[in-house]
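Colleague: Sharing a structure below in structure tokens format, with a few things to ask.
The values are calculated or read from the model by the stated rules, or taken from the named source; none is laboratory data. This is a predicted model, so every value here is computed, not measured. Glycine gets a Cβ as well: all are built from the backbone with ideal geometry, and neighbour counts include every protein chain shown.
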Amino acid sequence: MRTLPAAFWARVTKTDDCWLWTGAHDRDGYGAYTESRTKKWRAHRLAYVAMRGNHAPGLELDHRCEVRNCVRPDHLEPVTHAENVRRAALRRRRLQTAACPDIPSAGQAA
Ligand SMILES: [Zn+2]
């Protein structure tokens, strides 16, 4: 475990729910934190490692809150890449279903 520097927290706005990263973002929409010229982090990963410690190698951090710039460790869950992809597909499907309420899902089709 380690203490996150003030420069990190200066870029975080805590809401009642998520801790939102307000600093730079990478092209995928994840918070980007530059620790040094040679060490760059995704902000949520640094927050997780600093407060929870390293998760098992090879796992990815899934945002259970579905907010990509959230850095709150208890909103992050280490999962396999396959599980992360599966969850992303489920969320996409849910969003599409919500956007098109008149189209029945496959389960409802006669
Ligand atoms: Zn969150």
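Colleague: Does Glu60 satisfy being modelled with pLDDT under 95 and of a type in the set (D, E, K, R)?
Modeller: Answer is no for this residue.
Colleague: Can you find a residue in segment 16-24 that is under 27 Å from Arg92 (Cα atoms) and in a helix (DSSP H, G or I)?
Modeller: no
Colleague: With the requirement that a residue be within 16 Å of the ligand (Cβ to nearest atom) and of a type in the set (Gly, Ala, Ser), what does segment 33-49 give you?
Modeller: Matches in segment 33-49: Ala43, Ala47.
Colleague: Determine which member of the set Thr13, Thr97 is within 14 Å of the ligand (Cβ to nearest atom) and in contact with a Ser or Thr (Cβ under 8 Å, 6 or more places away or on another chain).
Modeller: Numbers: Thr97 fails: within 14 Å of the ligand (Cβ to nearest atom).
After ruling out the rest, the residue left standing is Thr13.
Colleague: Could you please let me know if Glu77 is within 16 Å of the ligand (Cβ to nearest atom), surrounded by 11 or more Cβ atoms within 10 Å (Cβ to Cβ) and at positive phi?
Modeller: no
Colleague: Moving on to the next point. On the given criteria, is Arg11 among the basic types (Lys, Arg) and in contact with a Gly (Cβ under 6 Å, 6 or more places away or on another chain)?
Modeller: Yes: the conditions hold for Arg11.
Colleague: Is it the case that segment 13-35 has a residue that's surrounded by 12 or more Cβ atoms within 10 Å (Cβ to Cβ), among the basic types (Lys, Arg) and at negative phi?
Modeller: Taking every residue of segment 13-35 in turn, none turns out to be surrounded by 12 or more Cβ atoms within 10 Å (Cβ to Cβ), among the basic types (Lys, Arg) and at negative phi.
Colleague: So, one more: Of the numbered conditions (1) surrounded by fewer than 11 Cβ atoms within 10 Å (Cβ to Cβ); (2) over 23 Å from Asp17 (Cβ atoms), Leu59 satisfies every one except a single condition; which is it?
Modeller: Leu59 satisfies all of (1) surrounded by fewer than 11 Cβ atoms within 10 Å (Cβ to Cβ); (2) over 23 Å from Asp17 (Cβ atoms) except (1).
Colleague: On to the next question. What's the total number of residues in segment 54-68 that are part of a loop (DSSP other than H, G, I, E, B), more than 9 Å from the ligand (Cβ to nearest atom) and touching a residue at least 24 places away in the same chain (Cβ under 8 Å)?
Modeller: Within segment 54-68, residues that are part of a loop (DSSP other than H, G, I, E, B), more than 9 Å from the ligand (Cβ to nearest atom) and touching a residue at least 24 places away in the same chain (Cβ under 8 Å) number 1.
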